[in-house]
Amino acid sequence: MGYEMGGERRRWWVNRTAMVVIWVVVSMAIWAGLHLYIRRVSMRKAEEALVSMCEERARMIQDQFAVSVNHVHALAILISTFHYQKQPSAIDQETFAHYAARTAFERPLLNGVAYAQRVANSERDKFENEQGWIIKTMKRDPSPVQDEYAPVIFSQETVSYIEALDMMSGEEDRENILRARATGKAVLTNPFRLLKSNHLGVVLTFPVYRSGLPPDATVDDRVKATAGYLGGAFDVESLVDNLLRQLAGSQEIMVNVYDVTNISKPLIMYGPQQPDGYMSLSHVSMLDFGDPFRKHHMMCRYSQKPPIPLSAITTPSGVFVICMLAGYILYAAWNRYDNVKEDCRKMEELKVQAEAADVAKSQFLATVSHEIRTPMNGVLGMLDMLLDTDLNLTQKDYAQTAQVCGKALISLINEVLDRAKIEAGKLQIEAVPFDLRAVLDDVISLFSPKLREKKAIELAVFVSDKVPEVLTGDPGRFRQIITNLVGNSVKFTERGHIFVQVHLVEHSNMVTDTKSEAHLNGWSDEHEVKSCRTIFNTLSGVEAADNRNSWENFKHLLSDETSLPDASGNEMPGDKESDKVTLTVSVEDTGIGIPLQAQDRVFTPFMQADSSTSRNYGGTGIGLSISKCLVELMGGQINFISRPHVGSTFTFTVVLKRCKGRAIDEAKRALPEPLPISFRGMKSILIDERPVRGAVTKYHLQRLGVTVDIASTMKTAFNAIAGQNGCSRSHIKQPKIILVEKDSWTSGMDTCLGNQLTEWKHNGRLSEVPKVILLSTSESDKIKYSYVDTVIMKPLRASTIAACLQQVLRMGVPQRKQLPNGSAFLHNLLAGKNILVVDDNKVNLRVAAGALKKYGANVVCAESGKGALSLLQLPHKFDACFMDVQMPEMDGFEATRQIRLMESKANEEARHGGMTPQDTTEKVGWHLPVLAMTADVIQATYEECMKCGMDGYVSKPFDEQQLYQAVAKFLISKASPDSEK
């Protein structure tokens, strides 16, 4: 094995070295290829630049030559007009020389111009006598006798040396003159050395006619009309030199101008005889001087080879460096990949181990849950059965105490299992209609006994009118969050208050933003000083941790509620289109607070502020962790503000949905105790010196339809009543009740209140003396004050207020409707039903059988799955079966599969006539409702039950409501056909 690993590593090293060498070679090839490419691009650009410069120079030479030709042509027309058509002639040598000199700037390419007159041989003598000189050849010899002559009579001063010379004495000149007068166009001579300058040049010849010729003139017509010839000498060398000096880049290129009329023997007009420079890169531009017989071109080339651009070195080098860096990165990434791959392999092993550990943990929790809940089912079931027997008061107290402790243990187990479900991602959030205010009332009633033991604590709930009355969500999980937060507040608070508020997020944020600057001005309207101690404007007058829940903000929330439309009818302001309702819920207490060093681990499971917390207050430290997970599952967030020795305020948001129509009505009908409507329109006065607490009391009264006027003192209340009595009774309703907070009840108030109300009664100012109700945390306060009609115990709930008002006002108390899941309904549902209970635990069998027999059911027990199968052989008389899941030999799932298999076979045979009519008289289509009965709340999920054919499940221990929900939909549907019969 070691040898194989060594050979593999050696091959790995060889392959990697080969890859590195190949990468370096490829990088160098890329460098060379890129270098050659850039050089080729550079040479192409140099060639394009050479072409551009050469074409530019050729165009400029042509343009300037054309300008000069046009001026020579114009001068020929000038001579024809003023010399031949004027008598006497207006031009002489002096005039011509002066004019030619003055207009020389228009002919920058010409060394000079001269005019040669056409003289016939017969006119020679006369001409010579007139001119005073004889006609000479180009060699300055007297011209021999010939048909005609072309002596120069007018010349520019620069070429005055050609005066009297016969332009037709040279053979080539003669041919050019003859071609010029025959074509009527300018013609050029071959390049030749100019006199004086010895530069290469050409002569341009233009014919001069005596009068204008028609456009269609023939050659003979032109010859006859010819009067002379105007010529100009072009110094090509000087021309090109001057032009090149004027242009940028003239030092970079070299130029040669050729006459290529005879392509086999081109004549050089400009440039060295043997071209030098960089001949590998050249360009030829054609030159058109206007003579169709003559052809010229210009060849351009660089004086030296174009230099290699710096980018041809730097760019490939940069790319090479990048390639090497990329190679290094790839090499490092390859190494990293190998390392990560190895780490991943190890992590996979650890993952498998962790998953196995997680499965073991879940299995452990399931097993522990089952093993704890199974005996607890027996304990609680037996205690429940014991409480149904005749016990004396002491025995009953013992049994009830044991039952409370058992339920507390079950609650703890449920919390641990909830956390396990959340970690496994198996916790589902329901979406059912529910009354949020009723849920909060249930939470208040849950903690009422504990709070009455702590007489110094006030617990209050306030729900904004903007919050819809009925919402769609998970009421159980919402109740669990509130219960956990309020439970913690009750546990850690010894004085002051616990205040639960519910608002719309949009409404709360709007008010908070509006009043955010008010808190910058110190303690204004936040507290008042009485008797040398600070009393804060909070629910109880004790300072709270979060100043945002102060009376200042609360007051503006209340004022906005009165100005905006009510949302209790499930209409959301500003959110008509959206079905979502985002609520913000705050739970404020004035307890011990959370130490600063412990605030970052508040939501950590099983963690508490310090070790003394568990000893002093109890608990496992899992409630807040579960609450945070539930809030996030409901689409919200949770946070808190806490100040040690001041208190804590937990605030969370949840996203619920509106519900409409039938869902609202069904949710209201499902309430166990709907609020009465007999108090609507009733008027009351509340005396309370604390505005926050007064607003909470007013909220509960308004839920009953009672209108409330709040007075801070008794004197203010008397003034309010007296002011109303001054008006007509037909327009102003008199208060029927006066509610007084215990804190606002001063000494002597009892006598003063009684005397004043009695006096108004006798004077006729009051038709009826209002009932006086004291709001207190102790019912014994009623005995202390003689004029108090009754005491409403705190914490306040709308239902408890309604019950007290019905009692004190002697209204008829409506009979409470029987709950559909109550004992009577269960008895009617289960009476006479044959039910099979299957469980391997005899105690659980006794408990389940006792619970079902309590409601009149006929119960048969089986201790195993096989025993259940033997009892359920078709046909049988059972109406339902409660099946334990975990049993030896054959568990509940397998037993259910066997039952469904038997039923499907029987139903198939019945459809094909296999069963006798006697067998099918009672049941057509066998399907026995099978309900899982298990203490394993993790494994006994709804999907697992459905997979094996079960119809539902109940977890141990079950209560009346759970039992009813499990069996109602099966037994009611089975009872309906029987009732019809």
At 0.36 nm per residue, minus the direct Cα-Cα distance, what do LEU386 and GLN146 gain on full extension? Give it in nm, one decimal, please.
69.9 nm
Using a 1.4 angstrom probe with every protein chain in place, what is the largest-first accessible-area order of ASP546, ASP743?
ASP743, ASP546
Would you list TYR270, TYR37 from the most to the least accessible area, probe 1.4 Å?
TYR37, TYR270
At a Förster distance of 41 Å, what's the computed FRET efficiency of ALA18 paired with VAL41, Cβ-Cβ distance as r, to 0.05?
0.75
With GLY170 itself left out, Lys, Arg at +1 and Asp, Glu at -1 over residues whose Cβ is under 15 Å from its Cβ give -1
Taking 7 Å along the Cα-to-C-beta vector as the label spot, tell me the GLU94-ALA824 distance in nanometres, rounded to one decimal.
15.4
For VAL843, VAL500, the accessible-area ranking with a 1.4 Å probe, largest leading, is VAL843, VAL500
Say each of ALA803 and LEU178 gets a label point 7 Å from the Cα, pointing the same way as Cα to Cβ; how far apart are those two points in nm?
14.6
So if R0 is 60 Å, what FRET efficiency would THR713 and VAL860 give, r being the distance between their Cβ atoms, rounded to the nearest 0.05?
0.25
Taking the full set of protein chains and a 1.4 angstrom probe, give the accessible area of ASP589 in square angstrom, rounded to the nearest 10.
10
What list of ³J(HN,Hα) couplings, whole Hz, do you get for the stretch 890-898 from phi and the Karplus terms 6.51, -1.76, 1.60, once you set θ to phi - 60° and write x for glycine and proline?
9, 7, x, 5, 5, 4, 5, 4, 5
Measuring from centroid to centroid over Cα atoms, what is the spacing of the stretch 819-898 and the stretch 173-217 in Å?
135
Net length gained if the chain between SER52 and SER311 were fully extended (0.36 nm per residue, minus Cα distance):
90.9 nm
Listed residue pairs exceeding 26 Å between alpha carbons, taken from LYS698/LYS771; LYS450/LYS698; LYS842/LYS956; LYS842/LYS969; LYS877/LYS969; LYS733/LYS794:
LYS842/LYS969; LYS733/LYS794
Using DSSP to call loops (not H, G, I, E or B), can you name the GluC sites (Glu not before Pro) in the stretch 296-370 whose Cβ has at most 13 other Cβ atoms within 10 angstrom?
none
Separation between the ASN262 and SER870 pseudo-spin-labels, each 7 Å from Cα along Cα→Cβ, expressed in nm?
13.8
Once all protein chains are kept in place, TRP23 shows an accessible area at probe 1.4 Å, nearest 10 Å², of 100
Solvent-accessible surface (1.4 angstrom probe) belonging to HIS762, in square angstrom, nearest 10:
150
For the stretch 421-471, listing GluC sites (Glu not before Pro) in a DSSP loop whose Cβ sees at most 15 other Cβ atoms within 10 Å gives GLU430
For GLY473, residues with placed amide H under 5 Å, excluding near neighbours
VAL432, PHE434
Using 5 Å bins from zero, what percent of all Cα-Cα pairs in the stretch 89-130 falls into each bin?
5, 19, 20, 18, 16, 11, 9, 3
For LYS683 and ASP600, what is the calculated FRET efficiency with R₀ set at 45 Å and r taken between the beta-carbons, to the nearest 0.05?
0.30
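The values are calculated or read from the model by the stated rules, or taken from the named source; none is laboratory data. Source: prediction; values computed, not measured. All Cβ positions, even for glycine, are placed from backbone atoms using ideal geometry, and neighbour counts span all protein chains on display. Remember, those area values only see protein heavy atoms, side chains included, never the ligands or the DNA or RNA. Shrake-Rupley method; radii C 1.70, N 1.55, O 1.52, S 1.80 Å.
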